[in-house]
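The structure under discussion appears below in the form of structure tokens.
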Amino acid sequence: MRVLSGPLVAALVTTVLILLPVPGAQAQVCQHRTGVSHDGGIFPNTFTEDSVCGNQAGAPVHATPDGSSPRVGVLDTTQSWFLCWTRGQRHAGGNDVWYYTQGDRVVSAPERHGYGFVPASHLNTSLDPDDTRLAQCPPLPPERSTAYMVYDRVTGASVRAEEHRRFRSASLVKLLIALDYLETRGPGTAVPPADAQLLRAMLRSSDDTAASTLWVRDGWGAIVDRMVTRIGLTDTAPPANPGMWGYTEISAADVVKVYRYILESAHPSFRDLVMGHLRQATRCAADGWDQYFGIPTAVPGPWAVKQGWSAFEEEPRCSAATGSGPSARTAGVDLASPAMHTTGTLCANDRKIMVILTLNPLGTPWTTAATRITTKATDLYAVSPC
């Protein structure tokens with residue numbers, strides 16, 4: 001895909017012949033070019049300059065400038081073009097410079113077409129990044145983001161990152177819809193069979209039609225406002241368009257607060273109803289997606305989960321689909337990037353609460369996003385096991 005040939009090779013050979021005979025001069029490590037045109041890959045802009053540099057065969061191309069991030073490609077050739085440089089994880093080369101390029105061979109995340117970052121240690125440069133004359137890369141697109149929090153209810157310890165960053169909630173707002181339904185009516189009030197079925201479908205199978213029914217009946221965005229006040233949420237807000245409940249703004253820290261409220265402050269009958277349904281979350285959601293990504297796959301039982309997802313372009317693959325419902329939107333957070341969230345409790349007596357919120361690049365396949373969030377849940381459980 002990216003093998004250098006034809007006029008480009010000839011141009012490079014000519015350049016080398018010109019440079020090498022100069023007495024006492026060091027051969028130029030990279031050949032910088034202008035007037036070229038490269039698709040930006042994960043960046044929205046087109047690149048009109050590059051540097052052609054020698055590199056180690058088999059050099060890994062990572063999703064981010066971090067050696068622990070997934071390998072998305074490989075440089076099979078020993079001479080490649082690079083588009084920009086950035087700083088990231090320190091590597092074996094003794095610095096933190098990474099170069100952005102496209103792999104000759106795609107090994108994962110096919111929607112990226114092999115675009116990613118190679119550590120400077122795999123390039124034949126002597127001074128990074130000066131040898132390449134490349135510009136510094138733009139910031140990584142904001143939709144590639146992960147926020148998480150794992151909270152131990154016994155010790156109060158937590159593992160967290162970007163826990164106050166706001167995401168659109170997708171189906172996580174259904175926790176607030178259920179809580180508001182129960183709190184508004186009060187303990188001891190019998191739940192009519194039809195409403196009990198709505199709560200069951202909404203919490204176990206993430207049924208959107210059930211959520212929409214309760215959302216409209218109980219006050220639209222006022223549901224979120226009441227729960228913000230009752231629970232003391234600081235990063236949560238109702239959707240700008242009240243008809244679009246799934247774009248309620250939330251954060252990992254606030255979702256942890258919601259679970260703590262259910263377990264520690266809500267009336268025992270409310271706690272038992274909500275958590276009872278979450279412990280029996282169905283593998284196939286009502287809209288046809290397999291919702292056993294993240295916690296259900298990564299963490300041994302017992303667990304109770306409420307999952308969320310939005311903006312995936314494929315057809316659902318879970319064979320036991322039971323129906324579908326409307327989608328949702330709001331303002332104030334990223335509205336376009338595919339969202340996938342896994343949240344819930346784990347360990348005996350719901351000792352720990354885990355919340356992972358993710359956004360993915362446009363066009364990301366469901367399986368890619370599911371693998372990513374499941375890997376993150378696995379890593380977090382390794383750090384904070386039962």
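For the range 216-227, does any single residue satisfy the condition of being in a loop (DSSP other than H, G, I, E, B), modelled with pLDDT of 95 or more and within 27 Å of the chain's Cα centre (by Cα)?
So the first thing to find is which residues in the range 216-227 are in a loop (DSSP other than H, G, I, E, B), and the list is 218-221.
Subsequent filtering for residues that are modelled with pLDDT of 95 or more retains 218-221.
Add one more test, that the residue is within 27 Å of the chain's Cα centre (by Cα), and what stays is 221.
Within the range 216-227 (the criterion being in a loop (DSSP other than H, G, I, E, B), modelled with pLDDT of 95 or more and within 27 Å of the chain's Cα centre (by Cα)), the answer is yes, since at least one residue qualifies.
What are the pairs, 6+ residues apart or on separate chains, where a residue within the range 143-163 that is in contact (Cβ under 8 Å) with a residue 40 or more places away in the chain and over 14 Å from residue 377 (Cβ atoms) has its Cβ under 9 Å from a residue that is acidic (Asp, Glu) and open to solvent by 40 Å² or more (accessible area, probe 1.4 Å)?
143/334; 145/162; 145/334; 153/264
Counting just the residues of the range 111-168 that are of a type in the set (D, E, K, R) and out of contact with any strand residue (DSSP E or B) (no Cβ under 9 Å at 6 or more places or on another chain), which one comes out farthest from residue 334 (Cα to Cα)? I'd like the intermediate steps shown before the answer.
As a first pass, look at the range 111-168 and keep what is of a type in the set (D, E, K, R): 111-112, 128, 130-131, 133, 143-144, 152-153, 160, 162-163, 165-166, 168.
Retained after the next criterion (residues that are out of contact with any strand residue (DSSP E or B) (no Cβ under 9 Å at 6 or more places or on another chain)): 111, 130.
Numbers: 111: 20, 130: 36 Å.
Result: 130.
For residue 167, all conditions in the list (1) within 19 Å of the chain's Cα centre (by Cα); (2) at pLDDT below 90; (3) farther than 20 Å from residue 68 by Cβ hold save one; what is the number of the exception?
Only one criterion in (1) within 19 Å of the chain's Cα centre (by Cα); (2) at pLDDT below 90; (3) farther than 20 Å from residue 68 by Cβ is unmet by residue 167, namely (2).
For the range 362-383, how many residues are buried (at least 18 other Cβ atoms within 10 Å of the Cβ) and assigned to a loop (DSSP other than H, G, I, E, B)?
Result for the range 362-383: 1.
Just checking, does the range 171-186 include any residue being in a loop (DSSP other than H, G, I, E, B) and among the hydroxyl-bearing types (Ser, Thr, Tyr)? Can you show your working first?
Taking the range 171-186 first, the residues in a loop (DSSP other than H, G, I, E, B) are 186.
From what is left, the residues that are among the hydroxyl-bearing types (Ser, Thr, Tyr) are none.
The answer is no, given that none of the residues of the range 171-186 is in a loop (DSSP other than H, G, I, E, B) and among the hydroxyl-bearing types (Ser, Thr, Tyr).
Going by the conditions given, is residue 120 surrounded by fewer than 19 Cβ atoms within 10 Å (Cβ to Cβ), over 30 Å from residue 246 (Cβ atoms) and at pLDDT 95 or above? Talk me through it step by step, then tell me what you get.
On the way: surrounded by fewer than 19 Cβ atoms within 10 Å (Cβ to Cβ): no; over 30 Å from residue 246 (Cβ atoms): yes; at pLDDT 95 or above: yes.
No; evaluated as a whole, the condition is false for this residue.
Determine whether the range 198-217 contains at least one residue that is over 24 Å from residue 257 (Cα atoms) and either loosely packed, with under 12 Cβ neighbours inside 10 Å or touching a strand residue (DSSP E or B) at 6+ places or on another chain (Cβ under 6 Å) (or both).
Checking the range 198-217: not a single residue is over 24 Å from residue 257 (Cα atoms) and either loosely packed, with under 12 Cβ neighbours inside 10 Å or touching a strand residue (DSSP E or B) at 6+ places or on another chain (Cβ under 6 Å) (or both).
Could you give every pair whose Cβ atoms fall below 6 Å, whose first residue belongs to the range 91-104 and is within 12 Å of residue 72 (Cβ to Cβ), and whose second residue is part of a strand (DSSP E or B) and open to solvent by 40 Å² or more (accessible area, probe 1.4 Å), counting only separations of at least 6 or pairs across chains?
Listed pairs, sorted by first residue: none to list.
Among the listed residues 155, 209, which satisfies the condition of being outside any helix (DSSP H, G or I) and polar (S, T, N, Q)?
On the way: 209 fails: outside any helix (DSSP H, G or I).
Of the residues listed, the single one that is outside any helix (DSSP H, G or I) and polar (S, T, N, Q) is 155.
Which condition number does residue 121 fail, the rest of (1) within 17 Å of the chain's Cα centre (by Cα); (2) outside any loop (DSSP other than H, G, I, E, B) being met?
It is condition (1) that residue 121 fails.
Within the range 249-294, track down each residue that is open to solvent by 10 Å² or more (accessible area, probe 1.4 Å), free of Cβ contacts under 8 Å to residues at least 60 places away in the same chain and either of a type in the set (Gly, Ala, Ser) or assigned to a helix (DSSP H, G or I) (or both).
Within the range 249-294, 257, 265, 268, 271, 272, 276 meet the criteria.
When you go through 130, 104 one by one, which is the residue that is surrounded by fewer than 21 Cβ atoms within 10 Å (Cβ to Cβ), modelled with pLDDT of 95 or more and over 27 Å from residue 382 (Cα atoms)?
Details: 130 fails: modelled with pLDDT of 95 or more.
Exactly one of 130, 104 is surrounded by fewer than 21 Cβ atoms within 10 Å (Cβ to Cβ), modelled with pLDDT of 95 or more and over 27 Å from residue 382 (Cα atoms), namely 104.
Considering only residues of the range 233-248 that are out of contact with any helix residue (DSSP H, G or I) (no Cβ under 7 Å at 6 or more places or on another chain) and assigned to a loop (DSSP other than H, G, I, E, B), which is least open to solvent (accessible area, probe 1.4 Å)?
243
The values are calculated or read from the model by the stated rules, or taken from the named source; none is laboratory data. Small disclaimer: the values here were computed from a predicted structure and weren't measured. A quick note on method: Cβ atoms are made from the backbone with ideal geometry, for glycine too, and the neighbour counts reach across all protein chains shown. Surface accessibility is based on the protein's heavy atoms, side chains included, excluding ligands, DNA and RNA. Shrake-Rupley method; radii C 1.70, N 1.55, O 1.52, S 1.80 Å.
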